[in-house]
1. Stokes-Einstein at 37 °C, 0.692 mPa s, Kirkwood radius from Cα pairs: D for the chain in µm² s⁻¹?
2. Which order do peptides 74-84, 26-36 fall in by mean Cβ count within 10 Å, highest first?
3. Put +1 on the Cβ of each Lys and Arg and -1 on the Cβ of each Asp and Glu in the chain; which of Tyr15, Asn69, Asn36 then has its Cα farthest toward the positive end of the dipole?
4. Across the range 25-74, how large is the tail of the calculated P(r) beyond 16 Å, expressed as a percent of all Cα pairs?
5. Where Lys and Arg each count +1 and Asp and Glu each count -1, what net charge lies around Leu49 among other residues with Cβ under 14 Å from its Cβ?
6. Suppose every K and R has +1 on its Cβ and every D and E has -1 on its Cβ; what is the size of the dipole of the chain about the Cα centre, in Debye to the nearest 20?
7. Per residue, how much accessible area does the chain show when a 1.4 Å probe rolls over the protein heavy atoms, in square angstrom?
8. Round to a whole number: what % of the accessible area of the range 39-93 belongs to carbon and sulfur, probe 1.4 Å?
Amino acid sequence: MITTPEEWKNPNLPYKQLELNLYQLSKKDNYPPHWNSFLDIMKEVNTNLTFYDFGCGVGSTYELLKRNNVKINYIGLDFSEAMIECAKKYRDW
């Protein structure tokens, strides 16, 4: 379990998160329950809405929205340079 901000800066952490998220995104049966609830809400919103994802990590929320055809403006923010670099590298999962 990560308990300090410094632990989030571990350069290997984003790739472990990416691996988990790729598994979760591989089929809807693998989605955590809160993802389905989130999708239900987001599918009902106005497409002119901008969603700010503070602590976006490797961008799994963006990919979740994209794969489920949720048309929304998305902005992901994270303080971890390692997470940002991983998200940029794999922005087209």
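The values are calculated or read from the model by the stated rules, or taken from the named source; none is laboratory data. Keep in mind the model is a prediction, meaning the values are calculated, not measured. Reconstructed Cβ throughout: ideal geometry from the backbone, glycine too, with neighbour counts over all protein chains shown. Note: accessible area is taken over every heavy atom of the protein model, side chains too, but ligands, DNA and RNA are not part of it. Shrake-Rupley method; radii C 1.70, N 1.55, O 1.52, S 1.80 Å.
1. 236 µm²/s
2. 74-84, 26-36
3. Asn69
4. The proportion of pairs with Cα distances above 16 Å equals 36 percent.
5. Once all neighbours under 14 Å are counted, the net charge is 0.
6. Approximately 360 debye in magnitude.
7. Here the residues of the chain average 69 Å² of exposed surface.
8. 50 percent
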